[in-house]
Amino acid sequence: MSANTPPDLPGLIDGRHGHFQLESGHHGELWLDLDTLFLRPARLVPFVEDLARRLAAAVNPDAVCGPLLGGGLIAGAVATLLDIELYVAEPVGRSDGSSELFRARYAVPAETRGRLRGRRVAVVDVVMNAASAVRATVSDVRAAGGHVVAIGALLVLGSSAADYAEHEQLALVDAAAIPNRIWEPRDCPLCAAGRPLENPGRS
């Protein structure tokens, strides 16, 4: 790689391997520190531009929505590049239910959610792994009357996002993708091996 060649996106993200509890309830072996990714946002410009171009070509949305915090920042950049409406979804706790998976909830604030009705919306995040925050945001945008046409991220890990997009008949758009494995807790080989479980935050 030459001095003038920008690094690939995964190379910009600090990560570590171990045994982690994800926001979705799954267990995984890879944790990415997304907070440090935004310390120098200029490094992300080429990847955000790529994501915006791909979204425009795939679905031509008239609005974009991202779960806070990082997804909201990416959504804002995409909305600026495409000159479309911006919405953000805030974390609002966890849903009740028997399932231990996908209980996180996100909601677009009341002050703006009324404008979502009839909009063709792309839901974006920084990284999608199990896509917990994106799934919750899609549900809320739909509840507000928005028509979700795509999900996207700068980086997609593994196959869970693709499986979800196919099931929901949504376009999946990314600037980069790498293999990754996650498991339901009952099937986790790291649990079976007695590896200590960490819960560092959302993914």
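Where in the chain are the DSSP H helices whose C-alpha atoms run 15 Å or more along the long axis and whose mean Kyte hydropathy is at least -0.5? Present the calculation step by step, with values, prior to reporting the outcome.
Details: long enough: 45-58 (19 Å, 0.60); 70-82 (18 Å, 1.78); 132-143 (17 Å, 0.27).
Going by DSSP H runs, the hits are 45-58, 70-82, 132-143.
Mind sorting out which of (1) 16.7, 53; (2) 23.7, 95; (3) 19.2, 63 is the real Rg and Dmax of the Cα atoms in Å computed from the coordinates?
(1)
Could you please state how large a percent of the accessible area of the chain is carbon and sulfur, counting protein chains only and using a 1.4 Å probe?
On the way: 4930 of 9940 Å².
For the chain, the apolar C and S fraction of the accessible surface comes to 50 percent.
Over the chain, what relative contact order in percent results from Cα pairs under 8 Å that are six or more residues apart? Intermediate results must be reported in sequence, preceding the final value.
Details: 411 pairs, mean separation 48.8, N = 203.
Once divided by the residue count of the chain, the mean separation gives 24 percent.
With a 1.4 Å probe and every protein chain left in place, work out the accessible area per residue of segment 33-138 in Å², rounded to a whole number. Numbers along the way, then the final one.
Details: 5010 Å² over 106 residues.
The answer is 47 Å² per residue.
Given 197, 31, 160, which one lies farthest toward the positive end of the charge dipole of the chain, if we put +1 on the Cβ of every Lys and Arg and -1 on the Cβ of every Asp and Glu?
160
Please give me the summed charge of the neighbours of residue 190: other residues whose Cβ is under 13 Å from its Cβ, Lys and Arg +1, Asp and Glu -1. Mind showing how you got there, number by number?
Values: positive: 181, 186, 195; negative: 29, 184, 187, 198.
Here the charged neighbours net out to -1.
Rounded to the nearest 20 debye, what is the charge dipole size of segment 19-115 about its Cα centre when +1 sits on each Lys and Arg Cβ and -1 on each Asp and Glu Cβ?
Charge dipole of segment 19-115: 100 debye, to the nearest 20.
The values are calculated or read from the model by the stated rules, or taken from the named source; none is laboratory data. Here the structure is a predicted model, which is why all the values come from computation and not from measurement. Neighbour counts run over all protein chains shown; Cβ positions are idealised from the backbone, glycine included. For the accessible areas, the whole protein counts, side chains as well, though only heavy atoms, and no ligand, DNA or RNA atoms are used. Shrake-Rupley method; radii C 1.70, N 1.55, O 1.52, S 1.80 Å.
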